[in-house]
1. Take the residues of segment 161-179 that are in contact (Cβ under 8 Å) with a residue 12 or more places away in the chain and over 12 Å from residue 86 (Cβ atoms): which is farthest from the chain's Cα centre (by Cα)?
2. So, of the residues in segment 109-146 that are among the polar types (S, T, N, Q) and modelled with pLDDT of 95 or more, which turns out to be least open to solvent (accessible area, probe 1.4 Å)?
Amino acid sequence: MGEDTPVARKPRADQARNRERLLTAAREVFRADGASLEAVTRRAGLGTGTLYRHFPTREALFQAVYAREVEELEALARKDDLETWMTAALAMMATKKGMVTALAPVLDKEAPFFTEQSARMTAAVSGLRDRALAAGQIRDEITADDLMRVLLGLSYGPGADASRADVLLNVFLDGLRPR
């Protein structure tokens, strides 16, 4: 490296804490209020400038929250069972409903970010499905795509009702068991 080559620095501890506060607040706000960036900064107890230093656009903040939750679901998929994972995934999707609606005009579902996250979710659900099948907990005709379709339908499909999603998910999970 030459003298003029910038060296990437590790973020300061306060910067890392602020980023975490923003991500936590954004997750809560997206679940309750939709996509208000002002609500995110209020909940985090930080200023708008801090938000924009970390996340220059609403889409950037959404992507960071979404990527964090996909990471959490991947970790959960490695240690828990299908039912626990499906319940957690449904809760994560509920968090995104307001934000997805607000950003729909600018979100590109074919963008590398979204295709990467989708591939990560598919891999997690495939592993869960395979383990559940090997343990005799689900019928063999159930595919990973079936499991994802149910989650997406309960979360974003026509007539999706968050107040009934848990009940409907439990009915679906009961129906997975071999006869």
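The values are calculated or read from the model by the stated rules, or taken from the named source; none is laboratory data. Everything quoted here is computed from the prediction, not taken from an experiment. Cβ coordinates were reconstructed from backbone atoms using ideal geometry, including for glycine residues, and neighbour counts include every protein chain displayed. Heads up: the accessible areas ignore ligands, DNA and RNA and are worked out on the full protein's heavy atoms, side chains in. Shrake-Rupley method; radii C 1.70, N 1.55, O 1.52, S 1.80 Å.
1. This residue is 179.
2. At the first step, the residues of segment 109-146 found to be among the polar types (S, T, N, Q) are 115, 117-118, 122, 126, 137, 143.
Applying the additional criterion that residues be modelled with pLDDT of 95 or more yields 126, 143.
On the way: 126: 39, 143: 60 Å².
Among them, the one singled out is 126.
One line per residue, one yes/no per condition, for (1) in the same structural domain as residue 172 (by the TED database); (2) open to solvent by less than 50 Å² (accessible area, probe 1.4 Å); (3) not in a helix (DSSP H, G or I):
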{"residue": "38", "(1), (2), (3)": "no, no, no"}
{"residue": "43", "(1), (2), (3)": "no, no, no"}
{"residue": "51", "(1), (2), (3)": "no, yes, no"}
{"residue": "68", "(1), (2), (3)": "yes, no, no"}
{"residue": "75", "(1), (2), (3)": "yes, yes, no"}
{"residue": "84", "(1), (2), (3)": "yes, no, no"}
{"residue": "89", "(1), (2), (3)": "yes, yes, no"}
